[in-house]
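Laboratory data are not the source of any read-out in this text; all were calculated from the coordinates shown. Only a predicted model underlies this, so the values are computations on that prediction, with no experimental measurement involved. Every residue, glycine as well, gets a Cβ built from its backbone with ideal geometry; the counts of neighbours run over all protein chains shown.
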Amino acid sequence: MLPRTTFEFMELHGTVDGFRAALDGERCSGRTIGLVPTMGALHDGHLSLVRRAAKECDVVATTIFVNPLQFGPDEDLERYPRDLEGDRSAAEAAGSDYLFVPSEREMYPREPKAHVTVTTTEDGLEAASRPGHLDGVATVVTKLFALTGPCRAYFGEKDHEQLEVVRALVTDLSFPVEVVSCPTVRAPDGLALSSRNAYLTADERHAAPVLYRALEAGQACLESGERDPTVVSRVMSDLVGTEPSVRLVYAEARPGDVEWRLFVAAHVGVARLIDTLAVPVCAAPVDTVTAGR
Ligand code: PAF
């Protein structure tokens, strides 16, 4: 790694050509690029990605684009939180050297004729409850990878299916990108940080950590020896059911070779929140008979 470039100010780009040329220039000077794709309304989860990229790469490029392709018709595209001024200073303070904030017209100058379609490793979950969402993510991430060029790209583990999709893009479409997954950042009461937490009223904010408590209940259930995914899932959904203001979308426990993965999604007021937790297999050896039911 070269000594970190010290920019007096973070460079802001709004055009694909300008952003691409800037990063090409950095690579020509032998610098490595860390890419942090976001939709803005940056919180400490995003900033942990920027900080990690700043440690591991010579130059950090953060992108902010509220991608319409990944929102369903009844979802929150219009009211998705936007705070460019706050994001600019937060990204710069966390160590970002470039901020790419394209308009919708810049990213999609015409009705796209090419889309990326993915089959996810996890059936159901987000793929089933938000049809088209992961394809929209895959399409915009493909564009961001294409215009950034060789880089390390940083994504949060909270969006586990998104991470799997991005990994699949890199493997299947041979992008010169190393995907780096980073741990979920939580509030002290366990609530995973999310830009959508901004929608929560005080009462809803009080209720929302039930998602994390449900994951913890699933983990405790596995650690106590339970091996039936249906039972573990039920423990999680029952826990969410203890908060009347929280509307469950799904709670599922899925066994894997190395770890079980617990997933939960719920509506809290107008906010649709998701969370996930990995439980190592050594804490929860899988009984293949019950797990396969
Ligand atoms: O996780 C997000 O913020 C978005 O899904 C991403 C990866 C920036 C694509 O729009």
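Starting from 0 in steps of 5 Å, tell me what percent of the Cα-Cα pairs of the range 141-293 lands in each bin.
Going from the shortest bin to the longest, the percentages are 2, 9, 17, 18, 16, 15, 12, 8, 3, 0.
Can you tell me the FRET efficiency between Phe9 and Glu178 if r is taken as the Cβ-Cβ distance and R0 is 25 Å, rounded to the nearest 0.05?
FRET efficiency, Phe9 to Glu178: 0.35.
So what's Rg/Rh here for the chain, counting alpha carbon atoms and using the Kirkwood radius for Rh?
Rounded to two decimals, Rg over Rh is 0.98.
Using θ = phi - 60° and the Karplus form 6.51 cos²θ - 1.76 cosθ + 1.60, what ³J(HN,Hα) does each residue of the range 126-139 get, whole Hz, x for Gly and Pro?
Here the 3J(HN,Hα) series is 4, 4, 7, 8, 10, x, x, 4, 5, 5, x, 5, 4, 5 Hz.
Kindly write out, for the range 60-74 in residue order, the coupling ³J(HN,Hα) from the Karplus curve 6.51 cos²θ - 1.76 cosθ + 1.60 (θ = phi - 60°), rounded to whole Hz, with x marking Gly and Pro.
10, 10, 9, 10, 10, 7, 7, 7, x, 5, 9, 10, x, x, 9
What aspartates and glutamates could a cross-link reach from Lys55, if we take a straight Cα to Cα line under 17 Å and drop same-chain neighbours fewer than 8 places away?
Excluding near neighbours in sequence, the set is Glu26, Asp44, Glu92, Asp97, Glu178.
Once phi is turned into θ = phi - 60°, what whole-Hz ³J(HN,Hα) does the Karplus curve with 6.51, -1.76 and 1.60 give for every residue of the range 31-46, x standing for Gly and Pro?
Per residue, the Karplus-derived 3J(HN,Hα) values read 8, 8, 10, x, 9, 10, x, 9, 10, x, 6, 5, 10, 5, x, 4 Hz.
Determine the percent antiparallel among the DSSP beta bridges restricted to the chain, to the nearest 5.
Percent antiparallel among DSSP bridges in the chain is about 50.
Once every DSSP H run of n ≥ 4 in the chain is given -39500 (n - 2.57) and the sum is divided by its residues, what mean residue ellipticity at 222 nm do you get, rounded to the nearest 500 deg cm²/dmol?
Counting only the DSSP helices, I get -11500 deg cm²/dmol.
Given the options Cys57, Cys182, Cys282, which has the most mean-square fluctuation in a GNM of the chain, springs set between C-alpha atoms less than 10 angstrom apart?
Cys282
Skipping prolines and chain starts, which residues have an amide H placed within reach, meaning under 5 Å, of the one on Val60, given they are 5 or more residues away or on another chain?
Residues meeting the amide H criterion: Gly34, Asp97, Tyr98.
Straight-line reach from Lys113: which lysines have Cα under 28 Å away, leaving out those fewer than 8 places along the same chain?
Lys143
Can you give me the Rg/Rh ratio for the range 1-145, using Cα atoms for both radii and the Kirkwood formula for Rh?
Result: Rg/Rh = 0.98.
When the dipole is taken about the Cα centre of the range 196-246, and only Lys, Arg (+1) and Asp, Glu (-1) are charged at their Cβ, what size is it in debye, to the nearest 20?
Dipole about the Cα centre, nearest 20: 140 debye.
Taking H placed 1.01 Å from N in the peptide plane, check which residues at least 5 places from Glu178 or on another chain put their amide H under 5 Å from its amide H.
Counting only residues 5 or more places away or on other chains, the set is Cys151, Arg152, Ala153.
Amide H of Lys158: which non-local residues (sequence gap of 5 or more, or other chain) have their own amide H closer than 5 Å, using H built in the peptide plane?
Here Thr184 satisfy the definition.
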